[in-house]
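The values are calculated or read from the model by the stated rules, or taken from the named source; none is laboratory data. The structure presented is a predicted model; accordingly, all values stated were derived computationally and were not measured. Counting neighbours? That spans all protein chains shown, and the Cβs are built from the backbone with ideal geometry, glycine included.
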Amino acid sequence: MAAVIPAPWRRWLPWALGVLGVLAALGLQTQLYSGQVRTVATIFMFVALALSWNLIGGYTGYASFGQVVFFGLGGYFAAVTMTHLHWSFWLALPLAGLAAAAYAALIGVPLLRLRGHYFAIATLGVAEGTREIVINLDGLTGGGGGITVPTVGAAAATKYLGNDGFYLVYLVLAVLALLVTGLVSRSKFGFAMRAIHQDEDAAAAVGINTTRTKVLTYALSGLLTGLVGATYAFQQVTIYPERLFDVEITVLMVVMVVIGGSGTVLGPIIGAVALQFLSEWLRQNYTTVHTLLLGAIIIIAVVLLPQGLVNYLREARRNRDYSLLANVRRYRL
């Protein structure tokens, strides 16, 4: 049977939708007041973080529970260089991403020899260990007392961007993460990542250099996460190790990917947008119990859609069966 050649519009539709999405985000900015601009900017931030985690955790199947180490490292690299070396933020930003990528490659060589929960625990340990190193380098990082990035006066190489400025930076980072994920997912490299996820031994047997693929994926994931961390550090002005290396940030990345659908391009975006909007709405309307309600909703979502929303819709469309109960039985029994 001859292969069906995709229609040209099918190839260009994702790009067209992406451009429309960016234009809509730019238009939305003009309609929001200051607090809402900051909220949407945070959503963009988590879209970029979820997409970056999805590369190593979703496509390759290595659940990194220490992903926040690259977030913190990128943030501290930017803060230290902007404070002590008086670098511009626009110089510190890409170099912070590269520093995080280099660190990911360095620790990835030994860590990615582990699998499953051993890898997850090891990455968590690296994140905690790195945080302690940052705390003890108080002459450079400010230690537990934190470090403040100069944003005004002669010491500030880059003036504070404000809510509108950071909105645009986070939007660019989210688009960058989306482009990287989309291009990787359709490439030979992306198929190698999926092969490792399905059966790493079989992937190695057919000639895939699994070690190189995993390390490069981890470095790419670290690069994107480091860029977001650097932007967050500048946005917050004063940063502390407890916040920049908070494991809760990793947990949010994982939950967003799991809810939206791991190993997909759209899944992390849907998960990040839905979870952040839901969290903000619950915080405003159920102040005292919003955390409890959010946790309950996440549990229900994971039970009903263990494969994530995007993967569920794909399977349901293929099988023509949209029953959630059938989906639960398929994955739970």
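Values for this structure:
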| item | result |
| --- | --- |
| Residue satisfying condition, being within 25 Å of Gln198 (Cα to Cα), surrounded by fewer than 24 Cβ atoms within 10 Å (Cβ to Cβ) and not basic (Lys, Arg), within set Val237, Val251, Val257 | Val251 |
| Any hit, the range 313-332, residues being surrounded by 12 or more Cβ atoms within 10 Å (Cβ to Cβ) and at positive phi | no |
| Wholly enclosed helices (runs of 4 or more DSSP H) of the range 84-176 bearing at least 3 residues of a type in the set (Gly, Ala, Ser) | 89-111, 116-136 |
| Flag if Glu200 is of a type in the set (D, E, K, R), out of contact with any helix residue (DSSP H, G or I) (no Cβ under 6 Å at 6 or more places or on another chain) and either farther than 16 Å from Ala78 by Cα or touching a residue at least 60 places away in the same chain (Cβ under 8 Å) (or both) | no |
| Number of positions in the range 284-293 that are modelled with pLDDT under 90 and surrounded by 14 or more Cβ atoms within 10 Å (Cβ to Cβ) | 1 |
| Any chance Thr225 is at pLDDT 95 or above and of a type outside the set (Lys, Arg) | yes |
| Count of residues meeting criterion [of a type outside the set (Ser, Thr, Tyr), more than 11 Å from Ile249 (Cβ to Cβ) and either without any contact (Cβ under 8 Å) to a residue 60 or more places away in the chain or touching a Pro at 6+ places or on another chain (Cβ under 8 Å) (or both)] in the range 61-82 | 1 |
| Matching residues, the range 290-321, being within 26 Å of Gln276 (Cβ to Cβ) and outside any helix (DSSP H, G or I) | Leu305, Pro306, Gln307, Gly308 |
| Glu280 being over 30 Å from Ser88 (Cα atoms), acidic (Asp, Glu) and surrounded by fewer than 22 Cβ atoms within 10 Å (Cβ to Cβ) | yes |
| Candidate set from the range 70-83 (those that are within 12 Å of Leu227 (Cα to Cα) and hydrophobic (A, V, I, L, M, F, W, C)); member that is surrounded by the fewest Cβ atoms within 10 Å (Cβ to Cβ) | Phe77 |
| The lone exception for Gly58 - which of (1) in a helix (DSSP H, G or I); (2) small (Gly, Ala, Ser); (3) more than 14 Å from Ile269 (Cβ to Cβ); (4) touching a residue at least 24 places away in the same chain (Cβ under 8 Å) it fails | (3) |
| Total residues in the range 179-195, condition part of a helix (DSSP H, G or I) and farther than 15 Å from Thr211 by Cα | 8 |
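Condition check ((1) surrounded by 15 or more Cβ atoms within 10 Å (Cβ to Cβ); (2) within 20 Å of the chain's Cα centre (by Cα)) across all residues:
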residue	(1), (2)
Thr141	yes, no
Val149	yes, no
Val152	no, no
Gly190	yes, yes
Glu200	yes, no
Val206	no, no
Tyr218	yes, yes
